[in-house]
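Structure record follows, encoded as structure tokens.
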Amino acid sequence: LDQHVEYKRMQDGLTTTMNNEKVTRLEALNFKFKYVSWEERMDQLKAFKQEHGHLSIPQKDPVLGAWIQSIRRQCKLFQDGKPARDINAKRMEDLNGIGFQTKMKKQPILTEDDNKAFDGMIEKMSDFKKQHGHCKVTKVLDPVLHNWVVRQRVDYKRIQEGKPSRLTVQRLMKLTDMGFAFRQKESYKTWEERMDQMRQFKADNGHINIPISHPGLGEFVGRQRVTYRQLVDGLKSAMTEERAQELRDLGFDFQVDNRKDKNNMQKPKSWEERYAELLAFKEEFGHTVVPQHTPGLGSWVHNQRKDYKLMNLGKKSAMGPEKALKLTSIGFVFDVFDAKRRKRNEDVSSDEE
């Protein structure tokens, strides 16, 4: 392992104990050096961001996972003025240039009093929901609770922007379980308005590779890929040939025919792709309660609920704050039975009135 590390440092022009003579002697013994240059790693990072719209690379990622964890540690060492094996000022600049967070975010320190105050407002919100049947607090109904609700939405936005936030996973789950909507419903936009936004994006950025995490167009482009796939497969779809051609003329890539590898085996769909399918399902049926027998999407939705429950219990889970926030923002139901029970109670209350 040390020989690989020192060889890499030599190739990168860094201080090392490796030299050409040692390389020749090791190669004569059929020693195979493993080397990926810094430039290649940067290209891999850019490709990841192009595909996923962010650089929050999970540790289990087969290509970048272990490397990115090492880079994060070395960035912190460099910032603290300590020796960092693979990081220097130029490389820090490279990482910052593509949007990689090299500075450690300092989250607000929440005291026991802060948490008690939050729980007190949660109780107040619960009482409000029991009385009104929803969590849409206005200044007229309750000015104090309304101001608190506004602060939660501000903290939610800060998480989306990658900024420090007081909205912890535990707080997120308490609000989510109550049915709180972090993002107020966006006004409806016509197809023509969306296409105008797409053209503007292309004019501003020089391309139309919009990540699904884009706040204005991400969900829209995700739905277009899902509905186009349905059209290609001969299924009922909101996509038409005219709309598909309009998107092609703009340079939009539907990414339908590139999902198979060299062995002609279909690759599993990413979380973002399934999320886009869920958006298309909601657009068609008006809700996110996908039947479990629905091919592909049904089992994925079931897994999201299981992962959320594990996260809630503090156990190892594929669910994280970002995913939970995205699901929450579209009205995803994490507990179907609880939702049905609340609906029955609301119906009974309406009948009594």
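The values are calculated or read from the model by the stated rules, or taken from the named source; none is laboratory data. Because the structure is a prediction, the values reported are computed rather than measured. Positions of Cβ are generated from backbone atoms using ideal geometry, with glycine treated the same way; all protein chains shown enter the neighbour counts. Please note that ligands, DNA and RNA were not included when accessible areas were found on the heavy atoms of the full protein model with its side chains. Shrake-Rupley method; radii C 1.70, N 1.55, O 1.52, S 1.80 Å.
Below is a table of values for the structure above.
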| item | result |
| --- | --- |
| All positions within region 120-133 that are in contact (Cβ under 8 Å) with a residue 12 or more places away in the chain and not aliphatic (A, V, I, L, M) | Lys124, Ser126, Phe128, Lys129, Gly133 |
| Residues of region 273-282 that turn out to be open to solvent by 40 Å² or more (accessible area, probe 1.4 Å) and at pLDDT below 85, as a count | 2 |
| Spans of helices (runs of 4 or more DSSP H) in region 283-353 with at least 3 residues at pLDDT below 75 and open to solvent by 70 Å² or more (accessible area, probe 1.4 Å) | 336-352 |
| Hits in region 242-272 (condition: open to solvent by 90 Å² or more (accessible area, probe 1.4 Å), modelled with pLDDT under 80 and of a type in the set (D, E, K, R)) | Asp257, Lys260, Lys262, Lys267 |
| Some residue of region 21-35 being of a type in the set (Ser, Thr, Tyr), over 13 Å from Trp67 (Cβ atoms), at pLDDT below 70 and in a helix (DSSP H, G or I) | no |
| Any hit, region 145-166, residues being more than 30 Å from Gln74 (Cβ to Cβ), open to solvent by less than 80 Å² (accessible area, probe 1.4 Å), at pLDDT 80 or above and part of a loop (DSSP other than H, G, I, E, B) | no |
| Residues (open to solvent by less than 60 Å² (accessible area, probe 1.4 Å), in contact with a helix residue (DSSP H, G or I) (Cβ under 8 Å, 6 or more places away or on another chain) and in a helix (DSSP H, G or I)) located in region 198-220 | Met198, Glu219, Phe220 |
| Scan of region 62-87 for residues that are surrounded by 13 or more Cβ atoms within 10 Å (Cβ to Cβ) and not in a helix (DSSP H, G or I), ordered by number | Val63, Leu64, Ala84, Arg85, Asp86, Ile87 |
| Cβ-Cβ under 7 Å pairs, at least 6 apart or on other chains, region 271-288 side in contact (Cβ under 8 Å) with a residue 60 or more places away in the chain and closer than 28 Å to Asp61 by Cα, far side of a type in the set (A, V, I, L, M) and assigned to a helix (DSSP H, G or I) | Ala276/Val226 |
| Test: Gly81 is closer than 30 Å to Lys323 by Cα, modelled with pLDDT under 80 and among the small types (Gly, Ala, Ser) | no |
| Condition check for Leu55: surrounded by 13 or more Cβ atoms within 10 Å (Cβ to Cβ), of a type in the set (A, V, I, L, M) and part of a loop (DSSP other than H, G, I, E, B) | yes |
